[in-house]
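Here, each number is a calculation from the coordinates, and none is a lab measurement. For clarity, every value in this text was computed on a predicted model and none was experimentally measured. Don't worry about glycine lacking a Cβ; one is built from the backbone with ideal geometry, like all the others, and counts go over all protein chains shown.
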Amino acid sequence: MSTGIISISALIHGEPDISTALFYIGVASLLSIFFLYTLKILTDTRAFKLEFHDNRRFFGFFTISAAIDVISTRLMITNLHPLDYILFIISVGFLIMFSAVLLVSLIRGKIQFRRDTVTSDWLNVSVALEASAISISVYYQNVAPPSVITYMFIFALVLAGLFSYASVNFIEGANLIKQMNKMEFSGMFFINMGAGAILSLASLELLMVPVPFSSLLTQQVLNFLFPAGGVYATLWLPVVLYRYFRALSDFKAIRYRVSQWAIIFPLGMYSVTTHYLSKSFQFYGIFNLISCAAFVAALSAWALECIIAAHHIFREWMIAEEENETESPS
């Protein structure tokens with residue numbers, strides 16, 4: 001998902017070669033995830049099922065739906081094909097399935113929505129909902145206008161993402177204020193910024209879809225959410241910068257964690273959203289500068305995270321080799 005959104009950002013910033021390379025890397029990564037999960041289902045079904053009741057791991061499944069949507073959107077931007085809807089139908093299928101599992105788990109108490117259990121991982125739900133809204137909207141901007149049911153479904157996705165974002169962000173905001181100095185550096189601070197940016201972009205994309213009926217209310221709601229999401233995402237920048245530069249003072253804090261990939265997606269998402277904000281309101285100059293800066297930061301963070309991940313894999317491999325040599329008979 002992170003690689004895909006940077007691919008889109010590279011495309012709109014006039015870097016097609018970088019965009020294409022990142023696109024194929026993103027596709028390869030997504031296929032690798034599907035392969036590994038399929039392997040896990042076949043070899044360790046019990047462990048796989050346990051992830052559906054884990055307050056942190058479960059929400060990673062929603063990134064699968066969002067990643068398919070990002071890939072679908074990137075394809076449709078450059079070469080819309082009548083069969084592209086198959087991709088977002090698959091992503092929506094995953095989204096509905098994971099949402100149903102989440103609802104059942106909440107009802108049964110397997111996953112609990114409380115101040116001490118909610119983390120920014122829950123925002124993956126909001127991101128997945130808005131990502132689906134974006135990919136479906138992009139499709140219907142270029143084909144026949146959607147039916148009333150389809151349009152309202154997209155609108156419902158936007159509102160559901162907003163509700164999820166607001167609910168989780170309220171608790172996360174309270175926890176953040178209370179534990180600001182105790183929390184270590186992680187991608188959670190960026191996710192809040194990215195969720196606001198993707199809400200903004202989803203609202204804009206739906207605004208550009210031909211409305212199959214006369215509804216002033218839906219247009220007013222979307223016209224409000226588009227700038228509001230962008231502004232709220234920007235309000236998180238001071239928190240992000242504070243935590244990032246605080247971590248730089250202790251280089252040991254910047255070690256490999258899977259959660260740190262979460263830093264990349266919001267930066268790329270913020271870059272894309274700011275670009276469209278500048279076009280929509282014709283506020284060029286500073287907005288374009290911010291958009292370009294966010295793109296460069298996202299691409300740099302992606303490259304750095306790849307280096308850190310490669311170093312981590314090499315280090316683990318060396319440790320494993322040393323342990324094997326120690327255990328082997330002389």
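A few notes on this one:
- Near Leu222, once Lys and Arg are set to +1 and Asp and Glu to -1 for all other residues with Cβ below 15 Å from its Cβ, the sum equals -2.
- Simple spin-label estimate for Leu80 and Leu235 gives 3.5 nm between the two label positions (7 Å along the Cα-to-Cβ direction from each Cα).
- Rounded to the nearest whole Hz, the Karplus-based 3J(HN,Hα) values (6.51 cos²θ - 1.76 cosθ + 1.60, θ = phi - 60°) of segment 44-60 follow the sequence 8, 4, 4, 5, 5, 5, 5, 5, 6, 10, 9, 5, 10, 5, 4, 6, x, with x at glycine and proline.
- 3J(HN,Hα) couplings calculated from phi for segment 125-141 with the Karplus curve 6.51 cos²θ - 1.76 cosθ + 1.60 (θ = phi - 60°) are, in sequence order, 5, 4, 4, 5, 5, 5, 4, 5, 4, 5, 5, 5, 5, 4, 4, 7, 6 Hz; Gly and Pro show x.
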